[in-house]
Amino acid sequence: PSILLLGQTNAFFADSIAVGRGKTDTTGSSMLFNSSFANPTAYFRGTSGAASRVGTWSIGDAWGSKVTTFPSSVGTCDFSLGTVNALVGTMYVGKGASTAIGSGANITGVGTLAFGAGTIDVNTLQVGVSATVAGTGTVNANGGVLLVNTLLELANGSGSSGTLNISNATVTANTGITAGGGTATINMNSGGALTVTNASATIGTAANPLTTFSAANATLNLAANSLVPTIVTVNLAAGGTANTINLSSVSVLYGFPTQFPVIQYGLNGGSGSGMSTFVLGTLPLASPAYGAYISNNVANNSIDIVFTN
């Protein structure tokens with residue numbers, strides 16, 4: 001295996017970082033904290049100083065792979081044992097390619113990013129990318145903050161797989177989350193919060209829905225749009241005691257009562273379960289204040305917001 005163990009205090013100023021790029025074997029490549037150190041930190045910036053971003057960061061990228069009996073490039077960045085502080089331009093987690101050296105063999109990319117404290121601030125994050133060959137990517141946000149400014153895409157291309165796991169962490173996607181045509185999955189567990197509060201932003205669409213969205217004792221911070229659901233998924237699974245939906249904004253209401261879906265599920269023969277766990281949290285400040293409640297609309301396969309006044 002190719003392993004980079006980080007020290008107690010680490011600072012990287014780099015234009016690009018690649019972990020598991022073109023390396024094809026069962027052990028893969030990894031960057032992680034040395035378990036000998038307590039509370040280590042890692043700081044990542046571009047070469048222009050503290051405000052600059054690492055231009056490109058790839059984890060499990062099959063570009064340039066050699067021909068091998070093990071047809072995957074595997075990469076892991078696991079910062080779970082410490083705190084990470086990173087500014088990144090574009091990050092790929094699991095990217096397949098057909099540019100293998102020798103015969104142009106198809107090589108899949110398998111990437112994993114995990115962290116439990118700190119902040120990863122990235123403009124573009126693509127998890128599971130098919131660059132002619134399928135990629136499989138997983139992001140485990142087990143604490144801290146993941147901030148995506150421009151594009152967060154799961155499962156880019158047919159055959160790809162992109163999974164976002166959120167537990168005791170806050171993930172903010174300023175422009176929403178795109179399902180790219182493969183198997184796109186979001187799993188939210190206790191203490192996890194997902195924030196998509198721009199009025200036009202969505203998490204999946206009717207044309208390109210998520211494959212699976214699950215939540216157990218999680219928090220959703222969303223903008224309510226009467227024209228389209230904010231979350232669209234084939235399968236919806238909810239559990240725990242309560243999954244709270246906080247609404248940061250509401251589109252114009254022309255009368256009362258007004259009802260429209262916030263979460264749409266069951267597309268293409270999909271399913272839903274645990275709908276009664278969704279509860280309404282905060283509403284936007286208004287004068288007079290809104291009166292509203294959450295409704296499980298069984299006939300429409302949706303979780304609706306109903307405004308009464």
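The values are calculated or read from the model by the stated rules, or taken from the named source; none is laboratory data. Predicted model only: the values in this text are computed from it and were never measured. FYI the Cβ positions are ideal-geometry reconstructions off the backbone, even for glycines, and counts take in every protein chain you see. SASA here: full protein model, heavy atoms, side chains in, ligands and nucleic acids out. Shrake-Rupley method; radii C 1.70, N 1.55, O 1.52, S 1.80 Å.
Once the piece of chain linking Y43 and I3 is laid out straight, how much longer is it, given 0.36 nm per residue of separation minus the C-alpha distance between them?
Contour length minus Cα-Cα distance gives 12.6 nm.
Which whole-percent values make up P(r) of the chain when all C-alpha to C-alpha distances are grouped in 10 Å steps starting at zero?
Reading the bins upward from 0: 7, 26, 31, 22, 11, 3, 0.
Give me, ordered by chain and number, the residues 5 or more places off A292 or on other chains with an amide H under 5 Å from its own placed amide H.
T308
Go ahead and set up a Gaussian network model of the chain, Cα springs under 10 Å, then flag whichever of Y254, Y43, Y293 fluctuates most.
Its mean-square fluctuation being the largest, the pick is Y254.
Taking H as built 1.01 Å from N, whose amide H comes closer than 5 Å to the amide H of G239, not counting residues under 5 places away?
Close amide H contacts, sequence-distant or interchain: A215, A216, N217.
What residue among I294, L5, G182 has its Cα farthest toward the positive end of the dipole of the chain, where the charges are +1 on Lys, Arg and -1 on Asp, Glu, each on the Cβ?
L5
In the Gaussian network model of the chain, springs joining C-alpha atoms below 10 Å, which of D61, D25, D78 carries the largest mean-square fluctuation?
D25
Kindly work out what percent of the DSSP beta bridges joining two residues of the range 163-309 are antiparallel, to the nearest 5.
Once the DSSP bridges in the range 163-309 are tallied, antiparallel ones form about 25 percent.
If you restrict to DSSP beta bridges whose two residues both lie in the chain, what percentage is antiparallel, to the nearest 5?
In the chain, approximately 10 percent of DSSP beta bridges are antiparallel ones.
Leaving out ligands and nucleic acids, and using a 1.4 Å probe, what accessible area per residue does the chain come to in Å²?
Computed with neighbouring chains in place, this is 40 Å² per residue.
Work out, step by step, the length gained on full extension between N10 and T27: first 0.36 nm times the residue separation, then minus their alpha carbon distance; give nm to one decimal.
3.7 nm
Give me the Kirkwood hydrodynamic radius of the range 5-56, using the inverse of the mean 1/r over all pairs of distinct Cα atoms, in Å to one decimal.
12.6 Å
Using θ = phi - 60° and the Karplus relation 6.51 cos²θ - 1.76 cosθ + 1.60, list the HN-Hα couplings for the range 2-7 in order, rounded to whole Hz, with x at every Gly or Pro.
For the range 2-7, the Karplus-derived couplings read 9, 10, 10, 8, 7, x Hz, x marking Gly and Pro.
Could you give me the ³J(HN,Hα) list for the range 206-218, computed from phi with Karplus coefficients 6.51, -1.76, 1.60 and θ = phi - 60°, whole Hz, x at Gly and Pro?
Result, rounded to whole Hz: 4, 6, 9, x, 4, 6, 9, 10, 10, 8, 9, 6, 10.
Under a 5 Å amide H to amide H cut-off, with H placed in plane at 1.01 Å, what residues pair with T183 once short-range neighbours are removed?
Answer set, sorted by chain and number: G159, S160, S161, G162.
Between V228 and V306, what length comes free when the chain is fully extended (0.36 nm per residue of separation minus the Cα-Cα distance, one decimal in nm)?
Residue separation times 0.36 nm, minus the Cα-Cα distance, leaves 26.6 nm.
Rounding to the nearest 20 debye, state how big the charge dipole of the chain is about its Cα centre with +1 on each Lys and Arg Cβ and -1 on each Asp and Glu Cβ.
For the chain, the charge dipole is close to 280 debye.
For the range 129-144, just list the computed ³J(HN,Hα) in residue order, Karplus coefficients 6.51, -1.76 and 1.60, θ = phi - 60°, integers in Hz, with x standing in for Gly and Pro.
With the stated coefficients, the range 129-144 comes to 10, 9, 9, 6, 10, 5, x, 10, x, 9, 10, 10, 8, 9, x, x Hz.
Any idea how far apart V252 and V279 come out in nm if each label point goes 7 Å out from Cα toward Cβ?
Rounded to a tenth, the inter-label distance reads 3.5 nm.
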